[in-house]
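These notes concern the structure reproduced below.
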Amino acid sequence: CAAHKVIDGKDKFFLYFCNGGNGVSVLTADDPAGPWTDPLGHGLITRATPNCANVTWLFDPAVFVDDDGTGYLYFGGGVPEGKTANPGTIRCVQLGEDMISIVGTPQVIDAPYVFEDSGMNKINGKYYYNYCSNWQTDGNKLGITSGAINYMVSDSPMGPFTYGGELFVNQGRFFGLYGNNHHSIVTFKGEHYLVYHNRPVEKAMGITGNYRSPQLDLLPVSADGKLGPVTGTVKGVAQLESFDPYQQVSART
């Protein structure tokens, strides 16, 4: 997950990534295309970080920079045995002004039936923590289905959060191929979009292997702040403006 922030009058870019399921590290750059460097030489979040040793999967970082420039990090996942309804494996923490340190102890987000795939978005002044549900949701009273994208709402980026609803069922309901449901919510030119992955390429090729391809559809936001439901389509959204095929677009490994 990447972020941008102006520090001491200069643009800075940050790339947060996981070390398997055992920590979160960060790279920095002065340009979004790099070059990227490791400013710490060690993980930002590790098993030694307070309140993180017992997180089943210490991974899937999401970073959010609020309007006042304060950064926040969300991470974690997994389902301890016997705790499918309330796994307690998600953490949130404020980032330091430098975006490569943390302030205080990471706090638990008690996301119901959580599996992995944290996200954080600010929409119309409210903070939306969003995540993928686990695969053992039968019989719950919240209407949560398995492998779906759900959300919680708060007046603060650190919570407390209240469960809000389900915004996207598992993509297999639309396309016939089920699997983990990872996502991002983005806002562009006044519209909200859900970016997620599906397996249409392998289906068209007649192969199997859980090969994931990105897709994008509109995310409805109601006047009372409810998100979704998103309808998954292969076609996706319409093109918004012309693209210059002669413009150089830089990409680097």
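The values are calculated or read from the model by the stated rules, or taken from the named source; none is laboratory data. Remember, predicted model here, so these are calculated numbers, not experimental data. Because the Cβ atoms are built from the backbone with ideal geometry, glycine has one as well, and the counts that use them run over all protein chains shown. Just so you know, the surface numbers come from the protein's heavy atoms only, side chains and all, with ligands and any DNA or RNA stripped out. Shrake-Rupley method; radii C 1.70, N 1.55, O 1.52, S 1.80 Å.
Roughly what would the spin-label model give for residue 156 and residue 101, points 7 Å off Cα along C-beta, in nm?
Result for the modelled spin labels: 2.2 nm.
Where does each of 81, 202 land when they are ordered by accessible area, with a 1.4 Å probe and the largest first? Kindly include the intermediate steps, with their values, before the conclusion.
Values: 81 185, 202 5 Å².
Heavy-atom accessible area, descending, gives 81, 202.
What is the extension gain from residue 234 to residue 10, computed as 0.36 nm multiplied by their sequence separation minus the C-alpha to C-alpha distance, in nm to one decimal?
Contour length minus Cα-Cα distance gives 76.6 nm.
Using 1/(1 + (r/R0)^6) with R0 = 35 angstrom and r between the beta carbons of residue 40 and residue 81, what's the FRET efficiency to the nearest 0.05?
0.55
How would 243, 175, 75 line up by accessible area, probe 1.4 Å, largest first?
243, 175, 75
Each label point is 7 Å from the Cα along the Cα-to-Cβ direction; what then is the distance between the points at residue 178 and residue 201, in nm?
2.4
What length, rounded to one decimal in nm, is gained on full extension from residue 249 through to residue 216, with 0.36 nm per residue of separation minus their alpha-carbon distance?
On the way: separation 33, 0.36 × 33 = 11.88 nm, distance 2.11 nm.
Net length gain for the segment: 9.8 nm.
Which value does Rg/Rh take for segment 41-80 over its C-alpha atoms, Rh per Kirkwood?
1.04
Could you state the orientation-averaged shadow area of the convex hull built on the Cα atoms of segment 97-144, in nm² to one decimal?
5.2
So how exposed is residue 145, as accessible area in Å² (1.4 Å probe, rounded to 10)?
40
For segment 139-214, what's the radius of gyration and Dmax over Cα atoms, in angstrom?
Values for segment 139-214 (Cα only, Rg and Dmax): 15.1, 47 Å.
For the chain, would you read off the P(r) tail past 27 Å as a percentage of all alpha carbon pairs?
Of all Cα-Cα pairs in the chain, 40 percent lie more than 27 Å apart.
Just to confirm the filter: which trypsin sites (Lys or Arg not before Pro) across segment 98-204 are DSSP coil and have at most 10 other Cβ within 10 angstrom of their Cβ?
Here the trypsin sites (Lys or Arg not before Pro) that fit, given the DSSP loop and packing criteria, are 141, 189.
Do the sum for the chain: with -39,500 (n - 2.57) for every DSSP H run of n ≥ 4, divided by all residues, what is the mean residue ellipticity at 222 nm, to the nearest 500 deg cm²/dmol?
-1000 deg cm²/dmol
How large is the accessible surface per residue of the chain, computed with a 1.4 Å probe and reported in Å² as a whole number?
52
Students sometimes get this wrong: rank 177, 95 by accessible area, probe 1.4 Å, all chains present, largest first.
Putting 177, 95 in descending order of accessible area: 177, 95.
How much of the accessible area of the chain, probe 1.4 Å, is carbon plus sulfur, in whole percent?
Carbon and sulfur: 53 percent of the exposed surface of the chain.
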